[in-house]
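Read through the structure below, which is laid out as structure tokens, and then see the notes.
The values are calculated or read from the model by the stated rules, or taken from the named source; none is laboratory data. Keep in mind the model is a prediction, meaning the values are calculated, not measured. Note that each Cβ is placed from the backbone with ideal geometry, even for glycine, and that neighbours are counted across all protein chains shown.
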């Protein structure tokens, strides 16, 4: 061994090629050792990343579930608000319509003469709406002349046709063909055309 060591030392001192070869082997070994260390670190890093990804996926899942729950709560809240708004709008519409009718009633009595009464009947044959329902309309009887008056804050084509059907029902029940009139500050153009074809008088302004 001593001779071998002495020989190797001599080669290292005197043989440049041998010296570089040994140095290369030593460097390669060090590199391989470093690779082993780095590989172990990479494995640990990969494990940490996998755990982090799993935690993030679970977190996203919880977040999605919470987001879905929040969205459902918001939708329920919007639905509740819409129902309240719709109910309030419908109630306000009815109140406004009734207030308008009460306010204009005196002018109608003055203009047509006679007293305005509310005529209501249960239409069991569904003549007006196509199914049994209560129908109502303002009625003026003057000099044996019957006038059905629809007083509305606004009038559509459907309102005109409804009054015409009520007139048919009234004629069937009373054996009297009534005159039909609509009193409204706003009447749609199609409603005016329909009223003209059905023989219904339309008054969009009344003299005071």
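Would it be correct to say that residue 105 is surrounded by fewer than 18 Cβ atoms within 10 Å (Cβ to Cβ), farther than 17 Å from residue 173 by Cα and modelled with pLDDT of 80 or more? Show your work before the answer.
Values: surrounded by fewer than 18 Cβ atoms within 10 Å (Cβ to Cβ): yes; farther than 17 Å from residue 173 by Cα: yes; modelled with pLDDT of 80 or more: no.
So residue 105 fails the test.
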Inset, instruction - Would you check if residue 182 is under 21 Å from residue 109 (Cα atoms), without any contact (Cβ under 8 Å) to a residue 40 or more places away in the chain and buried (at least 18 other Cβ atoms within 10 Å of the Cβ)? - result: yes
Inset, instruction - Of the conditions (1) within 35 Å of the chain's Cα centre (by Cα); (2) modelled with pLDDT under 90, residue 188 clears all except one; give me its number. - result: (2)
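Just to be sure I understand, how many residues within the range 174-204 are within 13 Å of residue 155 (Cα to Cα) and not in a strand (DSSP E or B)? So that I can check it myself, show each step before the final result.
So the first thing to find is which residues in the range 174-204 are within 13 Å of residue 155 (Cα to Cα), and the list is 181-195, 200-204.
So of that shortlist, the ones also not in a strand (DSSP E or B) come out as 184-186, 188-195, 200, 204.
Result for the range 174-204: 13.
From the list 137, 149, 128, which one is surrounded by 12 or more Cβ atoms within 10 Å (Cβ to Cβ), touching a strand residue (DSSP E or B) at 6+ places or on another chain (Cβ under 7 Å) and within 17 Å of residue 204 (Cβ to Cβ)?
Working: 137 fails: within 17 Å of residue 204 (Cβ to Cβ); 128 fails: within 17 Å of residue 204 (Cβ to Cβ).
Sole residue among the options that is surrounded by 12 or more Cβ atoms within 10 Å (Cβ to Cβ), touching a strand residue (DSSP E or B) at 6+ places or on another chain (Cβ under 7 Å) and within 17 Å of residue 204 (Cβ to Cβ): 149.
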